[in-house]
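Quick one: the structure is below, questions incoming.
Read the figures in this text as sums done on the coordinates, not as results from a lab. What you see is a predicted model; the values in this text were computed from it and never measured. Don't worry about glycine lacking a Cβ; one is built from the backbone with ideal geometry, like all the others, and counts go over all protein chains shown.
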Amino acid sequence: SAPFHFWFPPTLEGMMWPQALMLMTIQKIAPMSLLSYYITEQPMLISLSIMMSAIVGALGGLNQTLLRKLLAYSSINHMAWMMTALMISESTWLVYFTIYSLMSVSVVSMFYFMQTFHFNHLVNQMSSKPILKLMMFTSLLSMGGLPPFTGFIPKWMVIQQLCSSSNFLLLMVLLASSLFTLFYYLRITLSSFMLSSVKIKWSVMLNLEAKLMVMMLTINFLGLMIPSIIYSVLM
C-alpha cells in the first residue's frame, strides 16, 4: 500500500501472467495478516495509508497502456478497500480478498491465453471476436466493482459499514477513486467495442477456452443471479 508501493508496478511489469497473478493475490495474505494485529492501535495512520493507496491506485492507471502496470495500480486501489475491510472485521476482509482473487483469476486468465501485454494488442485481438469482447466486458466491469456484477458485493459491504460508522471522509475518497479505476476499465472495453472488423470470427472454441468462458461468466454474473443469498451467507 502507499506510500510503500513504488516497487510494485515495475516488478509486476517484469513478470509473466501466472507469476503476476500470484503477486496480485497470494502476496497480500502475509502483510494483511500482520497488519490485522496493529490496525486497531493506529487507526489514523492506517486511514491515511488507505486514502493514499486509493488515490495512487486511481490516478496511476489513468495513462497506462501496459496491462500489467494497469492491473498493478488497480491492485493498489483494491488494497485500500481491503485495508478498510480489515478495519471493519477479518471476515469482511476475507470476503473481499476471496472475491477479488476470483476477479483477478478471471481477468488474468484471459490475458494469459491471448498472450496479451499491451492495450493496443488487446484491442486488435478482440476487434473481430465478439465472444472475447463479452468476456472482457464482464470481467473488467466486475473487477471495477460496477453493480450488478459480483465485484460490487464486497464494496457494497464496506460502504454499508462505513456509512454505519459515519466515516464519510474515507468513504468519499474510496468512492471517488473507484470512479477513476472504473474509467480505465471502461476505456479498454469501450475501445474494443467501438473497433470492429469486417470479418467477424464466430469460430468454434476449443474445449479449454469454452470452459474458461463459462467459468468467467459464472463468476462475474454471480452477483447478478443471487445477490441476496450471497449477502445473507457472507454477513
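Looking only at helices (runs of 4 or more DSSP H) that fall completely inside segment 1-100, which ones have 3 or more residues that are closer than 18 Å to K155 by Cβ?
43-60, 67-88
Still on this structure: Please pick out the residue among I55, I88, I99 that is under 23 Å from G144 (Cβ atoms) and surrounded by 22 or more Cβ atoms within 10 Å (Cβ to Cβ).
Matching residue, one of I55, I88, I99: I99.
Select, from L23, L12, L34, L45, the only residue that is closer than 21 Å to V107 by Cβ and surrounded by fewer than 19 Cβ atoms within 10 Å (Cβ to Cβ).
Just one listed residue meets the conditions, L23.
Scan (1) crowded, with 18+ Cβ neighbours inside 10 Å; (2) free of Cβ contacts under 8 Å to residues at least 24 places away in the same chain for the single condition S104 breaks and write down its number.
All conditions are met except number (2).
Across segment 69-88, what is the number of residues that are of a type outside the set (A, V, I, L, M) and over 12 Å from the mean Cα position of the chain (by Cα)?
Adding up the residues that qualify gives 2.
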